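Undergrad: I have a structure I would like to understand better, so I am pasting it below and will then ask my questions one at a time.
What follows is calculated from the coordinates using simple rules that are stated; it is not laboratory data. Since the structure is predicted, the reported quantities are computational estimates derived from the model, not experimental observations. So basically every Cβ, Gly included, is an ideal-geometry build from the backbone, and we count neighbours across all protein chains shown.
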């Protein structure tokens, strides 16, 4: 076959369906021809029928366009060398956008389902936000690891508070509503059945064990184990969450009613009621006063943020109250009824509060959670989400809360921090040269030896 100009007319349009980038002066060869008169380019290598230094383009069935000259087709179908890279970048951007959308949408969808499908444990959940300040910095020279030993060979279920009678016998309560007495060998025996969940214990002058009982109210247990209900209402309202107590030398019992919203009546039996009350952020606790001499009960303070531990000063002129969900301690002066914040921004969440033998105050602390303080408490959404999660995610036997014991002087100034309690102490009860420690869950009663002065 002879040489054919590299141009397409209307009659041979079928062979020009595909035109790639070509240079002027292309040779067109009938690739299917067997004619011996075929003219080959002298630069063709044997067996290839293709110039090594030229591009070639398919023009259709049976034709190959060697791109040295294309006439009017030149430049009309040029492919930009960077077009492929640009397309690749566009695909990458689309992929990144899709992934980012999925990462944003799926969590939002999950959160939406949680908010709509799971209801809060109370009907009227309208949380109040609060942003905690960083905790007090305790100097290194005021810190030391707590050295504790168990004094019971078994683990009562929730021995929150400890009381020691005149004979030095240790008593505690458990979540099954039983007051237990610790034998010298470390075993415990049943002393009385009080029901509810006994949280605060203290002996009066007649060696009756006075009990602040969550779910029952204020009780008295005689030395023979007889249980008497002292009060279950105050100021016309039921005492739903009797928590901690202290008895003055005048026979007056000061005790806290921690929450009217989160208690056994509302939530049933859960490991901790402090956590949902903390997430709620509203004040519904109060300080009560009961006179053992005449049975008179008085509401002293209300609108408190989960009032927990309570203690009298050495001279009994003031009551200290730990507000757990505000990380602070209040001082209520008995003479004038003035209530002030004596220490705030505690390095932990305060639970029990007891006066020491040297005028100090012993504060049982749970370690604070950075995620809780920075992500949950400052935002309504964080609180809405957390209140819907199971309580057991945050307080459980497998991963007990850790904590410390903070010693304060009479002005609220830190004196010492005993760190590394695992599990945390719920109360620190001094007796002679020992401190007895309560616990939230199923742990043994522990003690630590301290030196006076």
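Undergrad: Classify segment 173-231 from the C-alpha gyration tensor, please: rounded if a/c falls under 1.5, else prolate or oblate depending on whether a/b exceeds b/c.
TA: Since a/c reaches 1.5 but b/c is at least a/b, the shape of segment 173-231 is classed as oblate.
Undergrad: Counting pairs of alpha carbon atoms under 8 Å apart in space and at least six apart in sequence, what relative contact order in percent does segment 269-339 give?
TA: 22 percent
Undergrad: Hey, rough spin-label estimate for residue 122 and residue 344, points 7 angstrom out along Cα→Cβ, what's it come to in nanometres?
TA: Taking the two extended label points, one gets 2.3 nm.
Undergrad: Counting other C-beta atoms within 10 Å, which of 189, 433 has the fewest, and how do the rest follow?
TA: By the 10 Å Cβ count, ascending: 189, 433.
Undergrad: Sorted from fewest to most neighbouring beta carbons within 10 Å, what does the list 431, 332 look like?
TA: Exposure proxy ranking, most exposed first: 431, 332.
Undergrad: Which of rounded, prolate, oblate describes segment 145-449, given a ≥ b ≥ c as roots of the alpha-carbon gyration tensor eigenvalues and a/c under 1.5 marking rounded, otherwise prolate only if a/b is larger than b/c?
TA: rounded
Undergrad: What is the extension gain from residue 131 to residue 183, computed as 0.36 nm multiplied by their sequence separation minus the C-alpha to C-alpha distance, in nm to one decimal?
TA: 14.1 nm
Undergrad: Another one. Mind running the shape call on segment 125-186? Use the C-alpha gyration tensor, a ≥ b ≥ c as the square roots of the eigenvalues: rounded below 1.5 for a/c, prolate if a/b tops b/c, oblate otherwise.
TA: oblate
Undergrad: Where does each of 258, 119, 369 land when they are ranked from fewest to most other beta-carbon atoms within 10 angstrom?
TA: In increasing order of surrounding Cβ atoms, one gets 119, 369, 258.
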